[in-house]
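Everything below concerns the one structure shown next.
The values are calculated or read from the model by the stated rules, or taken from the named source; none is laboratory data. Keep in mind that what you see is a predicted model, and the values were worked out from it rather than measured. Methodologically, a virtual Cβ is constructed for each residue, glycine included, from the backbone with ideal geometry; neighbour enumeration extends over all protein chains shown. Ligands, DNA and RNA are excluded from the accessible area calculation, which covers all protein heavy atoms including side chains. Shrake-Rupley method; radii C 1.70, N 1.55, O 1.52, S 1.80 Å.
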Amino acid sequence: MDNATASNLYFDVMREALRGEWNAIINFYNLQQVEVVEPSSCNNIDIEDENNSNVLVSNVTGDTILHLCAQCRRTDVMKQLLRVMPGAEALLLVTNRKGNTVLHEAARTGIVEMAKLILEKESDGGGDPKLISVPNLNGETPIYWAAMYGHKDMLLFLNTTATSREITSTSASTSMVGPLTMRTDGSTILHAAVLAKAYDVAMEIMELYPELASKRNGDDATASHLLALSPSSFKSGTMYARQYLGATPFVLAEYAAAIVYALIEIENYETHKNAATHKTIQPGSSFKEKLKYYFRWLCKGFPVLKLIYNVKLNHSYAIQLLRKLLEKDCGQWTMSHGDPPHEWNDKHNYIENQHPLTITTRVTTYKIRERPIILATKLGIVEMLREIIKVYPESIEFCDEEAGRNLLHLAAEYRHESIIDFLKSSSTNSKRNLDMLVVGIDRDGNTPLHSAAKIGKHKQWHIRGEAQWMQWECVWFQRVKRLLPPHMLSKKNYNNQYAYQVFTETHTDLREKGERWLKEGSNNCMLISALIATVMFASAFTAPGGNNSESGRPILLRNQDFGPFLHYVGLSLFFSLISLGLFLSIHASPFNEHDFYFRLPLRSVFAITALFNSVTFTVCAFFQTWMLITGWTLFSLGLTLFDIGLGGLGVLFFAELYVDIIVGFIRYLIDILFI
């Protein structure tokens, strides 16, 4: 076969495969009976050689026709190709440019039947079965890929096959064969499953290889560390948590989703695995059990509810996996097991970091030598903190290696209300824990109040602008302050600074931005208030319908609808003048730190509310004037309803804007009252 013919065959196979014309490809191999490769040269296929173009559909990726068939999830075509292609069993061992075999691609899809066909074809060829343990260039075996893509059935099948063929997780008999459960950088299949958030797969791996719980990857991270770096795997890191309700414009939808989330019951994974696939109602079941069954059935079948169900299922599995990790690997949860990763310095009362290694995630960058409880505290994963302290109460004493900060230091610095509330809770031994944490001092001499005095790195969802951010910082400082005993409030750090001095120093820029934000907003609102006051004042003396030439009184004075008009005008004028005065007082405020704590938020709430009332009564006065002049007789009923609806829609939009602005101030005032 010359080069031109080979090139044409290459392009025919590639294009037909990309077009999905698999029947044409099967006919091509049936008619041509092309010799793909001799078994003796299974490792010598050159992806640069055009003479191999009848099996290599892409010289860019090095994929063979079998690779592409697996990528397209065509099990039926794979079965026929393995039957009609001469030397197909040898082609199974051919790798692409990334070192992936066709079994890697089958593991990626999760189609167990396809993997069975491939392994059966390999067994038919005789010789040493090693396809299941062939790693790619990253050292990833097909089993690793099954875990990485979260395919539980595929992983169990490959593991069972490897066991039956007596291929162990550490076998390395040839250069092509590597460890089944670990890639070259030290990451195990448990790491891969946790990173994929496939926690059901991770729990199966824990049953098969419990020793992987303590294995560390190249960044010195265990599976527990990776779980602690995934706040979205727990309720506290999603919109279903109490502190995030109302974080999006779809407030009602959020509350409805949170109610559904709370009503869904998730079975224990072991119970669910051992039970029948489709659980039915038993005769004599109570009404409550029937209701639960049908509600669960509805959640699994209805698309929107299924999303919520899957989220809660994943959250439940994450907690169950955490409990298994707590059982299997106690070395990183306690100080009494294993070699301690740090030394204690009595002079400065801090934990000294010996070997700082960093790991970069989508969240932020942390010292990977930090224990999972420290990472969970920094990210606000209260569920993980609760489970760890429940099993290992002594872990409450851990400090981070970066600065020797305890859990209260971290919760105060990272602004996690749920962590503070947990530590204050009386339902556990947290009272003793809190008494111990409030007197903690880090390596720089900072108390928890010093940590709260540092400016927060991230704004809370309910904060709108720099002014509200400054207000929230003030109330957070006061919240932490009330936790500490009196003698801790007068402590200076090693920079000879009190906590309030740290607060002033770190919040100077934010205070100035908050002042500017409030002044600019006040100026705009004062302009609107003055305009409304001017119009309403003029409307009070320019009555609709005109005045009587003799008495000077309004002609429509005796009309029963004229009284409400005057009330609307008077109320609009009153509220506009009130808002004008309040905004003027905000603009003239000295903008000291204590002003942001109570005075400015309270004035802002009253001023914005007065402005909203003024606009509302202005709209009411307009419609009342319209009714007085026209009597609703000049237009058809449809047009009248359209006008009313359009006006109501305008008020609704303004009300939504009002709620969006005011909700942060209202929540802030509630925090002050119930701090």
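Determine, yes or no, whether residue 635 is modelled with pLDDT of 70 or more and more than 16 Å from residue 464 (Cβ to Cβ).
Working: modelled with pLDDT of 70 or more: no; more than 16 Å from residue 464 (Cβ to Cβ): yes.
The answer is no for residue 635.
Looking only at residues that are charged (D, E, K, R) and under 20 Å from residue 184 (Cβ atoms) in segment 109-162, which one is modelled with the highest pLDDT?
Result: 140.
Taking the condition of being free of Cβ contacts under 8 Å to residues at least 12 places away in the same chain and of a type outside the set (Asp, Glu), how many residues in segment 502-520 meet it? Show your work before the answer.
Let us first name the residues in segment 502-520 that are free of Cβ contacts under 8 Å to residues at least 12 places away in the same chain, namely 505, 508-509, 512, 520.
Filter again for of a type outside the set (Asp, Glu), leaving 508.
The total comes to 1.
Take residues that are farther than 30 Å from residue 298 by Cα and modelled with pLDDT of 90 or more and tell me which of the helices (runs of 4 or more DSSP H) falling wholly in segment 194-263 contain 3 or more. So that I can check it myself, show each step before the final result.
On the way: elements: 199-208, 223-228, 251-263.
So the answer is 199-208, 223-228.
If residue 611 passes every condition in (1) open to solvent by 80 Å² or more (accessible area, probe 1.4 Å); (2) at pLDDT 90 or above but one, which one does it miss?
(1)
Which of (1) surrounded by fewer than 21 Cβ atoms within 10 Å (Cβ to Cβ); (2) of a type in the set (S, T, N, Q); (3) modelled with pLDDT under 85 does residue 478 not meet, given it meets every other one?
Unmet condition: (3).
If you scan segment 396-414, which residues turn out to be surrounded by fewer than 21 Cβ atoms within 10 Å (Cβ to Cβ) and either under 26 Å from the mean Cα position of the chain (by Cα) or within 15 Å of residue 435 (Cα to Cα) (or both)?
397, 402, 414
How many residues does segment 91-116 hold that are in a helix (DSSP H, G or I) and surrounded by fewer than 21 Cβ atoms within 10 Å (Cβ to Cβ)?
Filtering segment 91-116 for residues in a helix (DSSP H, G or I) gives 91, 102-109, 112-116.
Now drop any that are not surrounded by fewer than 21 Cβ atoms within 10 Å (Cβ to Cβ), which leaves 108-109, 112-113, 116.
Going through segment 91-116 one residue at a time, the tally reaches 5.
Could you look through segment 415-435, keep only residues that are in a helix (DSSP H, G or I) and surrounded by fewer than 15 Cβ atoms within 10 Å (Cβ to Cβ), and pick out the one that is modelled with the lowest pLDDT?
Of segment 415-435, the ones in a helix (DSSP H, G or I) are 417-424, 430-435.
Cutting the leftovers down to surrounded by fewer than 15 Cβ atoms within 10 Å (Cβ to Cβ) gives us 421, 424, 431-432, 435.
Working: 421: 87, 424: 84, 431: 65, 432: 70, 435: 84.
Checked segment 415-435; the qualifying residue modelled with the lowest pLDDT is 431.
Name the residues in segment 163-182 that are of a type outside the set (A, V, I, L, M), modelled with pLDDT under 80 and out of contact with any Gly (no Cβ under 9 Å at 6 or more places or on another chain), would you?
168, 169, 170, 173, 174, 175
Being among the basic types (Lys, Arg), open to solvent by 20 Å² or more (accessible area, probe 1.4 Å), assigned to a loop (DSSP other than H, G, I, E, B) and more than 22 Å from residue 382 (Cβ to Cβ) is the requirement here; does residue 459 meet it? Reasoning before the result, please.
On the way: among the basic types (Lys, Arg): yes; open to solvent by 20 Å² or more (accessible area, probe 1.4 Å): yes; assigned to a loop (DSSP other than H, G, I, E, B): yes; more than 22 Å from residue 382 (Cβ to Cβ): no.
So residue 459 does not fit the description; no.
May I ask you to list pairs of residues, at least six apart or on different chains, whose Cβ atoms are under 6 Å apart, with the first in segment 396-413 being over 15 Å from residue 385 (Cβ atoms) and the second being open to solvent by 10 Å² or more (accessible area, probe 1.4 Å) and among the aromatic types (Phe, Trp, Tyr)?
Once the first residue is over 15 Å from residue 385 (Cβ atoms) and sits in segment 396-413, its partners that are open to solvent by 10 Å² or more (accessible area, probe 1.4 Å) and among the aromatic types (Phe, Trp, Tyr) give 404/350.
Is there any pair with a first residue in segment 293-319 that is of a type in the set (S, T, N, Q) and a second that is surrounded by 12 or more Cβ atoms within 10 Å (Cβ to Cβ) whose Cβ atoms are under 7 Å apart and which are 6 or more apart or on different chains, and what are they?
314/197; 314/199; 314/233; 316/266
Right, residue 98: under 12 Å from residue 121 (Cα atoms) and modelled with pLDDT of 90 or more or not?
Working: under 12 Å from residue 121 (Cα atoms): no; modelled with pLDDT of 90 or more: yes.
No: the conditions fail for residue 98.
Please determine whether any residue of segment 512-521 is in contact with a Lys or Arg (Cβ under 9 Å, 6 or more places away or on another chain) and at pLDDT below 95. Even if it seems obvious, please write down each step before you answer.
Step one: list which residues in segment 512-521 are in contact with a Lys or Arg (Cβ under 9 Å, 6 or more places away or on another chain), which gives none.
Within segment 512-521, not a single residue is in contact with a Lys or Arg (Cβ under 9 Å, 6 or more places away or on another chain) and at pLDDT below 95.
Tally up the residues in segment 501-528 that are of a type in the set (S, T, N, Q), under 30 Å from residue 612 (Cα atoms) and open to solvent by 50 Å² or more (accessible area, probe 1.4 Å), please. Steps first, please.
Let us first name the residues in segment 501-528 that are of a type in the set (S, T, N, Q), namely 501, 504, 506, 508, 522-524.
Pick out the ones that are also under 30 Å from residue 612 (Cα atoms) and you get 522-524.
Going one step further and asking which of them are open to solvent by 50 Å² or more (accessible area, probe 1.4 Å), we end up with 523-524.
Looking only at that region, the number is 2.
Within the set of pairs 6 or more residues apart or between chains, which connect a residue that is more than 21 Å from residue 508 (Cβ to Cβ) and in contact (Cβ under 8 Å) with a residue 60 or more places away in the chain inside segment 431-455 to a residue that is of a type in the set (Phe, Trp, Tyr) and open to solvent by less than 60 Å² (accessible area, probe 1.4 Å) with Cβ atoms less than 9 Å apart?
If the second residue must be of a type in the set (Phe, Trp, Tyr) and open to solvent by less than 60 Å² (accessible area, probe 1.4 Å), the pairs left are 441/350; 442/350; 443/350.
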